[in-house]
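Data first, discussion second: the structure below is written as structure tokens.
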Ligand code: NAP
Ligand code: GLV
């Protein structure tokens, strides 16, 4: 069996070592040195160029190095009828939960206001806000969102989650579907986005949605930049609908040097690092799927292409 690895951001070496140790017969090839493309059975990829998969006539599976597969599914030239698997937690649940908790605490504990006061050399104690008065609303309670919800519950925040199907998670108030979105938003002080990017969720966080949050709410986006209408976030920050935003992902990455988010006093920018796939945590999942592919068993973590996640 031959595997083709493609990523401009992931080091192939730890993947190759871990996979070779478990499956010594597997032929691990790294793009662009792929040899005869007809040999390739399976790919392990992060954001390959559009049409890249068309070169492999005998491809049997596509394994994503990431949890989100939006970039793969947006490729209109992706071969049909081949399973695509994604990372299911694989060490990212913990990292995403840490980022979400940090974002919520940053705003709850007014760290943005204190950073501003420090820049101005002002000693200005602010009125504390009790944790019970700082409800957090999580968009998407899947593999990653559910772990953030559990951590925030443990920290004492009132937590509500909005999903497509009803959820029953300890301490989390469940809202589902468009019919419950208004109620979900109206009781949310910090909105934390964990949705996958699909045709349904693209541009979902726009001015109309932000206006349905209580005035002066906060946004933490660690899912995808395509969920957010960036100009609407800037307008909401200007008119006070939003009091602050922590953004890890952007419509265009890397964020251009002249983007207003970089220097906005109410925006915290990080460079798509909320969770990073690491071979030491994630290789076991890939190895299990390679073994299954070799043995003709169904793969795990297969994406529903029609649903988009
Ligand atoms: P997941 O397990 O597939 O969960 C997705 C959740 O979103 C589910 O709860 C699903 O609801 C909900 N959802 C999807 N479409 C919806 C819709 N139209 N309306 C309402 N709810 C909807 O995904 P995951 O593993 O938690 O990952 C979430 C996302 O995190 C990924 O897609 C990726 O974009 C992002 N991510 C970002 C980073 C980073 O570093 N910034 C790292 C890893 C992942 P149901 O449960 O009802 O289906
Ligand atoms: C990273 O953004 C991922 O989807 O894993």
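The values are calculated or read from the model by the stated rules, or taken from the named source; none is laboratory data. Since the model is a prediction, treat every value here as computed from it, not as a measurement. Positions of Cβ are backbone-derived with ideal geometry, glycine not excepted, and every protein chain shown enters the neighbour counts.
Okay, here's what the table says:
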quantity: Subset of region 103-112 (residues that are assigned to a helix (DSSP H, G or I) and surrounded by 16 or more Cβ atoms within 10 Å (Cβ to Cβ)); calculated: 103, 104, 105, 106, 107, 108, 112
quantity: Of residues in region 256-276 being within 14 Å of ligand 1 (Cβ to nearest atom) and surrounded by 19 or more Cβ atoms within 10 Å (Cβ to Cβ), the one farthest from residue 196 (Cα to Cα); calculated: 268
quantity: Residue among 166, 215, 189 that alone is within 20 Å of residue 98 (Cα to Cα), modelled with pLDDT of 95 or more and outside the structural domain of residue 9 (by TED's automatic domain parsing); calculated: 189
quantity: Candidate set from region 214-223 (those that are without any contact (Cβ under 8 Å) to a residue 40 or more places away in the chain and part of a loop (DSSP other than H, G, I, E, B)); member that is nearest to residue 247 (Cα to Cα); calculated: 216
quantity: Matching entry among 28, 5 (being touching a helix residue (DSSP H, G or I) at 6+ places or on another chain (Cβ under 6 Å) and within 26 Å of residue 273 (Cβ to Cβ)); calculated: 5
quantity: Some residue of region 49-57 being within 29 Å of residue 201 (Cα to Cα), within 16 Å of ligand 2 (Cβ to nearest atom) and in contact with a strand residue (DSSP E or B) (Cβ under 8 Å, 6 or more places away or on another chain); calculated: no
quantity: Residue ID - farthest from residue 108 (Cα to Cα), chosen from residues in region 235-255 that are crowded, with 19+ Cβ neighbours inside 10 Å and more than 14 Å from ligand 1 (Cβ to nearest atom); calculated: 236
quantity: Top-ranked residue of region 140-197 - restricted to ones that are out of contact with any strand residue (DSSP E or B) (no Cβ under 8 Å at 6 or more places or on another chain) and at positive phi, ranked as farthest from ligand 2 (Cβ to nearest atom); calculated: 156
quantity: Listing of helices (runs of 4 or more DSSP H) fully contained in region 227-309 that carry 3 or more residues being in contact with a helix residue (DSSP H, G or I) (Cβ under 8 Å, 6 or more places away or on another chain) and free of Cβ contacts under 8 Å to residues at least 40 places away in the same chain; calculated: 230-239
quantity: Yes/no for residue 63 being under 16 Å from residue 293 (Cβ atoms), out of contact with any strand residue (DSSP E or B) (no Cβ under 7 Å at 6 or more places or on another chain) and surrounded by 15 or more Cβ atoms within 10 Å (Cβ to Cβ); calculated: no
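Yes/no matrix, rows are residues, columns are (1) free of Cβ contacts under 8 Å to residues at least 40 places away in the same chain; (2) over 23 Å from residue 300 (Cα atoms):
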position	(1), (2)
76	yes, yes
93	no, no
100	no, yes
103	no, yes
108	no, yes
121	yes, yes
127	yes, yes
150	no, yes
165	yes, no
